[in-house]
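Chemist: Mind having a look at this structure? Questions to follow.
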Amino acid sequence: MPLHKLEDFDPNYRETFGGEDIKALDLYTEGEVKVGSVTDALVDHDGRFRYLVIDTSWDSLGKKILLPIGLSRINYASKRVYVDGLSKQQVEMLPEYQESMVVVDDYEEQVRRVFRSPTSDLIYDRNTYNYQKEPNLYNLNDQYHQTFRLYEERLIANKQRIKRGEVAVGKHIETETAHVTVPIQKERVVIERVSSTAATTVVDPSNLQFQEGEVARIEVYEETPEIRKEAFVREEVRVKKVIDRDTVEAQETIRREELDINTNGELHVNETGTNRKDSV
C-alpha cells in the first residue's frame with residue numbers, strides 16, 4: 001500500500017487540522033526526555049496517519065526514523081509528541097529513513113520488527129498484511145488524547161472585478177452650409193456731356209487741330225470674392241478613467257458552536273483556553 005508525505009497528500013493540511021501543524025512538534029519520552037523532533041508524517045491512500053518521521057537527537061545519533069503513529073501521544077497544546085518505550089537501542093536498530101525513498105512493504109516490516117512485542121504471534125505475510133492486524137502500532141490511542149473541535153461560521157468578504165461595460169469614443173463628420181458675406185467694389189465709367197463755359201469765345205482757326213481717331217482709355221476694375229476653406233482645431237477631447245469609492249455592507253446569519261459540560265458526581269473539571277465563557 002503506497003504511503004504519502006502529509007503535504008503531498010493534502011497541501012492544505014494545516015487548514016484541515018484547524019491550523020495545527022504536526023511538523024512543528026518535538027518528540028519526548030514520558031520521562032520528559034527530548035529524543036528528537038517531527039519533520040513529517042506519512043499517510044495511507046485514505047489519509048490515515050501511519051508513521052511520524054522523526055529526526056533523532058539522541059547523544060551522537062542523528063538519523064531519521066519512522067515511528068508508528070500508534071506509539072505516540074500528540075499534545076498540540078504543549079507542542080509535543082510523547083512516546084512510551086522508545087529506547088536508544090531501538091533507534092540504533094531502526095532502518096534510516098531518507099526523504100527521497102519510497103517506503104515499500106519490506107522496509108515497513110523492518111520498522112515493525114523493532115517495535116513488535118516479543119510475545120506477538122503474528123506471522124508476517126506481505127500479501128495479506130494490513131494495518132488492522134497491529135492496532136497497537138497504527139491506531140491513535142484516543143483514551144490519551146481526544147480532540148473535540150468547536151466550529152463557527154465567519155463571513156469572508158472578497159472582491160471580484162467584473163466588466164460592467166465599455167465606452168467607445170470616436171468621431172464622425174457632419175456637414176452644413178456656411179454663409180459668409182464679403183463686400184466687393186465694382187468700377188463703372190460715367191460719361192457726362194456738359195456745355196463749355198467758353199462757348200462764346202472765338203477760337204483762331206489757325207490754332208485748331210482737328211483730328212480723327214482720338215481715344216481716351218480708362219481701365220475699369222471690379223472685386224470678385226475669393227472663398228477657400230481652412231481647417232482649425234476646434235476643441236480637444238481627453239478620455240480618462242476615475243475611480244469612485246463606495247462601501248457595500250452585507251449581513252448574514254452565522255452559527256457558532258459553544259461547549260456544554262455536564263458532569264455526574266463530585267468531579268473537579270478545569271476548563272482552560274482563551275475562548276471559554278466561564279470556568280466549570
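Chemist: Would you check which residues across the stretch 53-97 are touching a His at 6+ places or on another chain (Cβ under 7 Å) and of a type in the set (Lys, Arg) and list them? Write out each step before concluding.
Modeler: Keep residues of the stretch 53-97 that are touching a His at 6+ places or on another chain (Cβ under 7 Å), which gives 73-75.
Selection gives ARG73 alone.
Chemist: Scan the stretch 157-173 and give yes if some residue there is modelled with pLDDT under 90 and either assigned to a helix (DSSP H, G or I) or closer than 28 Å to PHE17 by Cβ (or both), otherwise no.
Modeler: Yes, the stretch 157-173 contains a residue that is modelled with pLDDT under 90 and either assigned to a helix (DSSP H, G or I) or closer than 28 Å to PHE17 by Cβ (or both).
Chemist: While we're on this one: Residues that are closer than 30 Å to LYS159 by Cα and among the acidic types (Asp, Glu): does the stretch 231-245 have at least one?
Modeler: Yes, there is a match, as at least one residue in the stretch 231-245 is closer than 30 Å to LYS159 by Cα and among the acidic types (Asp, Glu).
Chemist: Looking at the stretch 70-90, which of its residues are among the β-branched types (Val, Ile, Thr) and touching a Leu at 6+ places or on another chain (Cβ under 6 Å)?
Modeler: Start the filter on the stretch 70-90 by keeping residues that are among the β-branched types (Val, Ile, Thr), which leaves 74, 81, 83.
Selection gives VAL81, VAL83.
Chemist: Consider the stretch 213-233. How many of its residues are part of a loop (DSSP other than H, G, I, E, B) and under 22 Å from THR181 (Cβ atoms)? Show your work before the answer.
Modeler: Within the stretch 213-233, the first condition is being part of a loop (DSSP other than H, G, I, E, B), and the residues that meet it are 213-221, 223-233.
From the residues that got through so far, the ones that are under 22 Å from THR181 (Cβ atoms) too are 221, 223-232.
Going through the stretch 213-233 one residue at a time, the tally reaches 11.
The values are calculated or read from the model by the stated rules, or taken from the named source; none is laboratory data. Since this is a predicted model, take the numbers as computed values, not measurements. When we count neighbours, we look across all protein chains shown, and the Cβ atoms used for this are built from the backbone with ideal geometry, even at glycine.
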